[in-house]
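Worksheet: the structure to be examined is printed underneath.
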Amino acid sequence: MYWINPSQWWISGVLAATLHGIPIECTASETAVFDAPAGQTCQSYAGAFAQTAGGYLLNPSDTNGCMYCPYTVADQYLSTLNISANDKWRDFGIFLIFVFTNYFLVYFFIYTVRIRGWTFGFGPLFSGLGKMVDGITGLFKRKAKEEK
């Protein structure tokens, strides 16, 4: 269902266009907190990991309560959502295909059913359903007349 939902393509295109290259600054509550071994600072213990992994340390000179933010730019976060800035126009194009296909289908069925009178083989089904609905609504109309 994810791939056939038009809002997925719209949202991914908008996020890719608006968040590309935006730097991320984590707050203390958004970080992974850990303690460095005795005699080491956060930078000496996890600095190489933070650079390799693509994140950064909020307090590199501390010796305990090290705070690691996993993202430096929004593109890193978007990649976890399977969104790439290079795909923004592709995603917008797919969304437009959904829009124009829906408009075409609406006008096609309005023309063929209302103007041309085609039933697409569902005439007997909808005729029976219409009679059933009329029968049910007729019960309520009789009760309303009897109460007056």
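Every number here is computed from the coordinates shown, using simple stated rules; none is lab data. What you see is a predicted model; the values in this text were computed from it and never measured. For neighbour counting, all protein chains shown are included, and Cβ atoms are generated from backbone atoms with ideal geometry for every residue, glycine included.
Numbers for the structure displayed
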item	result
Trypsin sites (Lys or Arg not before Pro) within segment 85-136: DSSP coil, no more than 16 neighbouring Cβ in 10 Å	ARG116
Residue of ALA38, ALA85, ALA28 that the Gaussian network model of the chain assigns the largest fluctuation, springs spanning Cα pairs under 10 Å	ALA38
Helix 6-19 vs. the chain, principal-axis angle (Cα, 0 to 90°, nearest 10)	30
Convex hull (Cα only) mean projected area of the chain, reported in nm² to one decimal	18.3
3J(HN,Hα) from dihedral phi, segment 21-26, Karplus parametrisation 6.51/-1.76/1.60, rounded to Hz, x for glycine, proline	x, 6, x, 10, 10, 6
Cα-projected label distance for GLN40 with ASN86, points at 7 Å along beta-carbon direction, nm	3.6
DSSP loop chymotrypsin sites (Phe, Trp or Tyr not before Pro) with at most 11 other Cβ within 10 Å: longest gap in the chain	4-119
